[in-house]
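First comes the structure, then the notes that go with it.
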Ligand SMILES: Nc1ncnc2c1ncn2[C@@H]1O[C@H](COP(=O)(O)OP(=O)(O)OP(=O)(O)O)[C@@H](O)[C@H]1O
Ligand SMILES: [Mg+2]
């Protein structure tokens with residue numbers, strides 16, 4: 001059964017912020033090693049869904065199951081250690097650290113829980129090698145010693161991907177990775193996502209750029225006003241009348 | 001003797017600023033009540049000395065440890081607070097601690113604690129220059145610890161939490177625990193500074209550890225450049241010596257610190273020599289220009 005291989009299962013998740021119902025009874029399943037897209041108009045609840053999966057805050061109701069384990073109430077630091085990595089819609093760099101150190105923070109996920117290892121030096125030969133390889137992969141190796149805050153946004157986005165990969169994740173959540181990128185930058189980011197998937201990592205991405213979704217995603221879910229209104233292959237989604245309506249507004 | 005007194009005072013403030021730099025500079029937890037821990041260290045050491053006859057050499061590290069423990073507890077309370085509310089809470093902590101000292105008989109009440117013994121070695125009471133040496137050794141130890149911290153996983157995690165807590169958590173850093181660690185370490189510095197102060201003055205009063213003292217400490221950290229050890233050292237040196245160099249200013253010390261704080265925030269938020277400050281950036285541009293040819297030829301091999 002395909003279902004038993006699903007890496008991420010979201011069941012009846014709702015989230016309420018004071019007066020705002022950001023998510024309403026959303027359920028979806030993400031299969032292993034696929035690239036799964038989430039689309040929807042502004043304010044549809046896409047980022048909220050990522051925050052719930054990654055443990056930034058718990059849902060008001062519903063469950064999140066990762067690799068068969070209930071992670072609904074786990075905080076972000078623990079979901080990270082289980083193998084859920086993410087990037088942010090608005091870049092979240094450690095601005096006054098070098099690009100290399102930014103990536104190394106992600107390499108420490110096995111250390112932070114062990115008091116005995118916290119005192120040891122972080123920049124070992126091995127850790128530096130691993131981080132440089134990741135920076136090479138995202139094309140930032142020559143900026144390793146630059147302060148992260150000095151990089152243009154497009155490069156900080158790539159750095160966030162490298163940093164997330166430093167967790168050795170099984171699931172990578174990308175929140176609008178192509179926002180604000182030029183055509184060329186978008187192309188190379190798509191290549192990068194492909195490469196990541198080739199290594200066996202499951203990718204879930206929120207993306208407004210339909211070209212990116214059509215090219216990359218195996219499956220797409222559509223959110224509108226906190227409700228999942230459709231799910232299917234990119235081509236099915238593109239011609240789904242409910243989706244067209246959500247994006248273009250009801251005609252007549 | 002006068003110079004030794006000034007140097008000892010500046011040295012004590014250097015310890016305080018280095019500790020605050022770990023809490024506020026590295027870990028981003030704004031503390032406007034650092035003097036409370038200075039006071040806790042001083043009172044701990046004074047009581048150990050006066051009431052229990054503990055020699056300075058044991059009272060000093062004990063003051064550091066006990067202050068760290070109290071700092072960790074207050075840090076644990078603070079982990080639920082952010083930015084503004086944390087800043088206000090730490091001010092509150094400062095006032096509460098001062099009041100407890102001032103109105104509790106056990107802590108000497110309004111009179112404070114006197115008769116604290118000046119340290120001695122084998123019956124020889126230290127001279128002021130010798131005491132200065134002790135202060136300098138404590139500072140060197142503090143600097144060594146800071147350098148080790150910055151190179152360790154612990155230090156990396158603290159800086160990550162300080163620069164973007166949400167990102168740090170998403171990378172597996174349990175931020176609350178690390179904030180508590182930062183408070184424990186930073187207040188340990190303050191505890192040692194308090195002990196050095198108590199045994200040097202031999203008489204302490206709750207007023208010495210009030211909110212204005214906290215403002216002095218944060219001014220030093222901000223002036224030099226929050227988030228860097230060199231900034232903490234330079235800031236405490238400069239602001240600690242300024243009132244001595246310009247004697248007429250002594251009575252306007254707080255006014256001067258306050259004004260500097262405002263000016264720095266407006267024109268050089270990274271401090272005099274912090275990362276991103278005008279001076280530090282220029283220095284790096286110069287070094288880059290000087291070393292570039294070498295680096296290029298090295299890279300071609
Ligand atoms: N922390 C919060 N507190 C209150 N309301 C929130 C919070 N986070 C999100 N919301 C609200 O929840 C709704 C969904 O927001 P969300 O950020 O998930 O949308 P999104 O689909 O990611 O939109 P965008 O495409 O603009 O990024 C919005 O109405 C938003 O204002
Ligand atoms: Mg969003």
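Residue by residue, here is whether (1) under 12 Å from the mean Cα position of the chain (by Cα); (2) within 30 Å of residue A:54 (Cα to Cα); (3) surrounded by fewer than 24 Cβ atoms within 10 Å (Cβ to Cβ) holds:
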site	(1), (2), (3)
B:157	no, yes, no
B:195	no, no, no
B:198	no, no, no
B:203	no, no, yes
B:207	no, no, yes
B:215	yes, no, yes
B:230	no, no, yes
B:234	no, no, yes
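Only helices (runs of 4 or more DSSP H) whose full extent lies in the stretch B:103-214 are considered here, and the ones with at least 3 residues that are touching a residue at least 60 places away in the same chain (Cβ under 8 Å) and more than 10 Å from chain A (Cβ to nearest Cβ) are B:128-151, B:175-201.
In the stretch A:135-237, counting only helices (runs of 4 or more DSSP H) that sit wholly within it, the ones holding 1 or more residues that are within 16 Å of ligand 1 (Cβ to nearest atom) and touching a helix residue (DSSP H, G or I) at 6+ places or on another chain (Cβ under 7 Å) span A:210-216.
Hey, does the stretch B:32-52 have a residue that's surrounded by fewer than 22 Cβ atoms within 10 Å (Cβ to Cβ) and in contact with a strand residue (DSSP E or B) (Cβ under 8 Å, 6 or more places away or on another chain)? Yes - at least one qualifying residue is present in the stretch B:32-52. Residues in the stretch A:181-205 that are touching a strand residue (DSSP E or B) at 6+ places or on another chain (Cβ under 9 Å) and more than 15 Å from residue A:159 (Cα to Cα): A:194, A:197, A:201, A:202, A:203, A:204, A:205. Of all the listed residues (A:79, A:72), the sole one being at pLDDT 95 or above, within 14 Å of residue A:172 (Cα to Cα) and away from ligand 2 (no atom under 13 Å from the Cβ) is A:79. Specify the residue that is nearest to residue A:247 (Cα to Cα); the eligible residues are those in the stretch A:30-48 that are more than 6 Å from ligand 1 (Cβ to nearest atom) and in contact with a helix residue (DSSP H, G or I) (Cβ under 7 Å, 6 or more places away or on another chain). Step by step, filter the stretch A:30-48, then rank; the result is A:41. Among the residues examined, residue A:149 does not qualify as buried (at least 21 other Cβ atoms within 10 Å of the Cβ) and within 9 Å of chain B (Cβ to nearest Cβ). Residue A:84 fulfils the conditions (1) more than 7 Å from chain B (Cβ to nearest Cβ); (2) surrounded by fewer than 17 Cβ atoms within 10 Å (Cβ to Cβ); (3) at negative phi except for a single criterion, (2). Would you mind telling me which numbered condition in (1) within 14 Å of another protein chain (Cβ to nearest Cβ); (2) in contact (Cβ under 8 Å) with a residue 24 or more places away in the chain; (3) at negative phi residue A:76 fails? Every condition holds for residue A:76 apart from (2).
Is one or more of the residues making up the stretch A:208-216 within 14 Å of chain B (Cβ to nearest Cβ), in contact (Cβ under 8 Å) with a residue 24 or more places away in the chain and within 16 Å of ligand 2 (Cβ to nearest atom)?
no
Of the residues contained in the stretch B:84-94, none is found to be farther than 18 Å from residue B:211 by Cβ, surrounded by fewer than 18 Cβ atoms within 10 Å (Cβ to Cβ) and modelled with pLDDT of 90 or more. For residue A:66, the criteria (1) within 15 Å of ligand 1 (Cβ to nearest atom); (2) out of contact with any helix residue (DSSP H, G or I) (no Cβ under 6 Å at 6 or more places or on another chain); (3) under 19 Å from residue A:175 (Cβ atoms) hold in every case but one, which is (1).
So which residues in the stretch A:49-59 are within 9 Å of ligand 1 (Cβ to nearest atom) and more than 14 Å from chain B (Cβ to nearest Cβ), if there are any at all? Within the stretch A:49-59, A:49 is the sole residue that qualifies. Whether a residue is away from ligand 2 (no atom under 16 Å from the Cβ) and either touching a helix residue (DSSP H, G or I) at 6+ places or on another chain (Cβ under 9 Å) or under 30 Å from residue A:210 (Cα atoms) (or both) was assessed, and residue A:98 passes this test. Counting just the residues of the stretch A:17-29 that are closer than 16 Å to residue A:53 by Cβ and near ligand 1 (Cβ under 9 Å from one of its atoms), which one comes out surrounded by the most Cβ atoms within 10 Å (Cβ to Cβ)? If we take residues in the stretch A:17-29 being closer than 16 Å to residue A:53 by Cβ and near ligand 1 (Cβ under 9 Å from one of its atoms), then A:23 is surrounded by the most Cβ atoms within 10 Å (Cβ to Cβ).
Name the residue, out of A:111, A:91, that is facing chain B (nearest Cβ under 10 Å), farther than 30 Å from residue A:181 by Cβ and surrounded by fewer than 24 Cβ atoms within 10 Å (Cβ to Cβ).
Among A:111, A:91, only A:111 is facing chain B (nearest Cβ under 10 Å), farther than 30 Å from residue A:181 by Cβ and surrounded by fewer than 24 Cβ atoms within 10 Å (Cβ to Cβ).
The values are calculated or read from the model by the stated rules, or taken from the named source; none is laboratory data. This structure is a prediction, so every number in the text was calculated from the model and none was measured. Backbone-built Cβ (ideal geometry, glycine too); neighbour counts: all protein chains shown.
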